[in-house]
Amino acid sequence: MKTIKVSLYYPANTVAKPITYKLVKDYDLQINILHADISLNKVGKLVIDITGTEWNIEAGLKFIEDQGIKYKLFTKTIIWQEDSCVHCGACTAVCPSGALSMDKKEWTLTFDKEKCMVCELCVKACPLNVMCVSI
């Protein structure tokens with residue numbers, strides 16, 4: 001089994017299609033929706049984790065393309081240099097996925113890599129440059 005992170009870009013005329021349903025039912029893939037910005041008759045964006053066999057993932061991505069939906073694979077990751085972090089929380093203000101948050105009891109930063117969309121906004125927001133991108 002393999003897991004990939006993908007960002008899907010829906011043209012307005014494809015938003016109503018049951019894409020994730022088909023990926024689960026027809027391609028035996030597990031879908032975890034990390035972020036969704038989809039409305040009828042508007043361009044949509046969906047960030048998902050896809051888990052399955054390599055063959056099923058490739059077939060599912062081909063199906064997505066055939067539906068007129070563009071996708072981008074996440075090939076980068078965010079690295080948090082925790083030892084150098086002062087836990088100021090500046091990065092949490094710009095994190096759209098909630099991957100970066102403050103523990104209210106300890107007042108320390110927490111980073112959930114599974115939620116991270118690799119938008120890189122935290123890299124720009126960090127005053128100490130303890131957030132960086134790895135390819």
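The values are calculated or read from the model by the stated rules, or taken from the named source; none is laboratory data. Keep in mind the model is a prediction, meaning the values are calculated, not measured. Reconstructed Cβ throughout: ideal geometry from the backbone, glycine too, with neighbour counts over all protein chains shown.
Kindly list, by first and then second residue, each pair from a residue in the stretch 105-117 that is among the hydroxyl-bearing types (Ser, Thr, Tyr) to a residue that is part of a loop (DSSP other than H, G, I, E, B), limited to pairs with Cβ atoms under 6 Å and residues at least 6 apart or on different chains.
Thr108/His87
Can you pull out the strands (runs of 3 or more DSSP E) entirely within the stretch 62-135 that have at least 1 residues that are within 28 Å of Thr14 (Cα to Cα)? First the steps, then the outcome.
On the way: elements: 70-73, 77-80, 100-103, 108-111, 131-134.
Fully inside the stretch 62-135 and qualifying: 70-73.
Here is a list of conditions, (1) within 16 Å of the chain's Cα centre (by Cα); (2) at pLDDT 95 or above; (3) of a type in the set (Val, Ile, Thr), and Ile69 meets all of them except one; can you say which number that is?
Going through (1) within 16 Å of the chain's Cα centre (by Cα); (2) at pLDDT 95 or above; (3) of a type in the set (Val, Ile, Thr) one by one, Ile69 breaks only (1).
Within the stretch 59-91, can you find the residues that are in the same structural domain as Met102 (by TED's automatic domain parsing) and without any contact (Cβ under 8 Å) to a residue 12 or more places away in the chain?
Of everything in the stretch 59-91, just one residue is in the same structural domain as Met102 (by TED's automatic domain parsing) and without any contact (Cβ under 8 Å) to a residue 12 or more places away in the chain, namely Asp83.
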